[in-house]
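One structure below.
Read-outs throughout are calculated quantities, based only on the coordinates presented, and are distinct from any laboratory measurement. Please read all numbers here as calculations on a predicted model, not as lab measurements. Glycine gets a Cβ as well: all are built from the backbone with ideal geometry, and neighbour counts include every protein chain shown.
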Amino acid sequence: MNSDSTIDKLYDLRLSVMAEAFTTELARTGDATLGFADRFGLIIDRQWTAREESRLLRRLKNANLRVSASIEEIDFRTPRGLDREVVLDLAGLGFVTGAGNVIITGPTGLGKTYLACALADRACRRGHSASYRRVPRLVFELALARADGTYLKAIAAIARVDVLILDDWGLVTLDAQASSDIMDVIDDRAGLRSTIVTSQLPVSEWHSLITDPSIADALLDRLVHRAVRIELKGDSMRKETPKEAPKRTKKLT
């Protein structure tokens, strides 16, 4: 069989990396230690690696994480109530496979969003899908979806995500309609998919944010049940850089 024909067929099959690897192997000389199976395995490995990297990039793009974060870059030295063992256990993604939740609370500037995104990043790298959503904007988007008839489609798309980040929980009070919409999101995921919630407010104050008490009870039960809770404390880690005083210019006399 003509090698050029084989390469053309690989490109037609959209196996460009495999075609390039095959070309490389054709040019290989003087290496008698590798048999056909080994060399063919190297070609397959390159195509497989390229496809996995492409899938990872697609998962990270779809996740639309607010910050680029990783478990390896988490700061455990700054005192803020962050337990290394708890975080490393979460990094094993048992909460994802077990459809559990993570609740991260604490004042602004303590890295709640970073930690949530780091866990989602780890999930993406292990083959899971993720999505970052700010609660105030999600409420607005679901209201628009109701108006244009795409609500059920929007809810279904969120339900399929393995790890959903609900950031800035508690920044807005949920009226009757918003409470119902968020309840649909959480109810579809309870026991099936994982949700990570970040909030400046302690869990004890969440109930008052939802105008309908019955929905509040049901929603919080689904969120808090079987959730790992991380309560951060301390001063903000965001250090402001001092502004330089304006330079004075001498007037010429």
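Work out, step by step, the length gained on full extension between S208 and T78: first 0.36 nm times the residue separation, then minus their alpha carbon distance; give nm to one decimal.
Gain on stretching S208 to T78: 43.6 nm.
Return the long-range amide H neighbours of L110 (sequence gap of 5 or more, or a different chain), with a cut-off of under 5 Å between placed amide H atoms.
When sequence neighbours closer than 5 places are left aside, the close amide H contacts are M237.
Over the range 65-231, what relative contact order in percent results from Cα pairs under 8 Å that are six or more residues apart?
Computed value for the range 65-231: 32 percent relative contact order.
How would you rank W169, W48, going from fewest to most other Cβ atoms within 10 Å of each one's own Cβ?
Listed from fewest to most nearby Cβ atoms, that is W48, W169.
Rounded, prolate or oblate: pick one for the range 169-228, where a ≥ b ≥ c are the square roots of the eigenvalues of its C-alpha gyration tensor, a/c under 1.5 means rounded, and failing that, prolate if a/b is larger than b/c, else oblate.
In terms of gyration-tensor shape, oblate.
In 5 Å bins starting at zero, report the fraction of Cα pairs in the range 145-188 per bin as a rounded %.
Percent of Cα pairs in each bin: 5, 18, 27, 28, 18, 4.
Return the calculated 222 nm mean residue ellipticity for the chain, to the nearest 500 deg cm²/dmol, obtained by summing -39500 (n - 2.57) across DSSP H runs with n ≥ 4 and dividing by the residue count.
After summing the helix terms and dividing by the residues of the chain, the value is -15500 deg cm²/dmol.
Rounded to whole Hz and in sequence order, give me ³J(HN,Hα) for the range 211-223 from the Karplus expression 6.51 cos²θ - 1.76 cosθ + 1.60, θ = phi - 60°, writing x for Gly and Pro.
So the Karplus estimates, Gly and Pro as x, are 5, 8, x, 5, 5, 4, 4, 5, 5, 5, 4, 6, 7 Hz.
With θ taken as phi - 60° and the coefficients 6.51, -1.76 and 1.60, list the Karplus ³J(HN,Hα) couplings across the range 99-114 in order, rounded to whole Hz; mark glycine and proline as x.
Computed from phi, the couplings for the range 99-114 are 6, x, 10, 10, 10, 10, 10, x, x, 5, x, 9, x, 5, 5, 4 Hz.
Give the angle, between 0 and 90 degrees and rounded to the nearest 10, that separates the Cα long axis of helix 176-189 from the longest principal axis of the Cα atoms of the chain.
Computed tilt is about 40 degrees.
Please compute one quarter of the surface area of the Cα convex hull for the range 65-231 and express it in square nanometres.
9.0
Against the longest alpha carbon principal axis of the chain, how many degrees, from 0 to 90 and to the nearest 10, is the axis of helix 3-12 turned?
Rounded to the nearest ten degrees, it is 20.
Compute the helix-to-body angle for 36-63: its Cα long axis versus the longest principal axis of the chain, expressed 0 to 90° and rounded to tens.
Between helix and principal axis, roughly 20 degrees.
Tell me, in nm to one decimal, what length is gained between L88 and R160 on full extension, where the rule is 0.36 nm per residue of separation less the Cα-Cα distance?
23.4 nm
Under the rule of at least 5 residues apart or a separate chain, name every residue whose amide H is placed under 5 Å from the amide H of I103.
V197, V228, R229, I230
Work out which GluC sites (Glu not before Pro) in the chain are exposed loop sites (DSSP not H, G, I, E or B, at most 13 other Cβ within 10 Å) and give the longest gap free of them.
1-239
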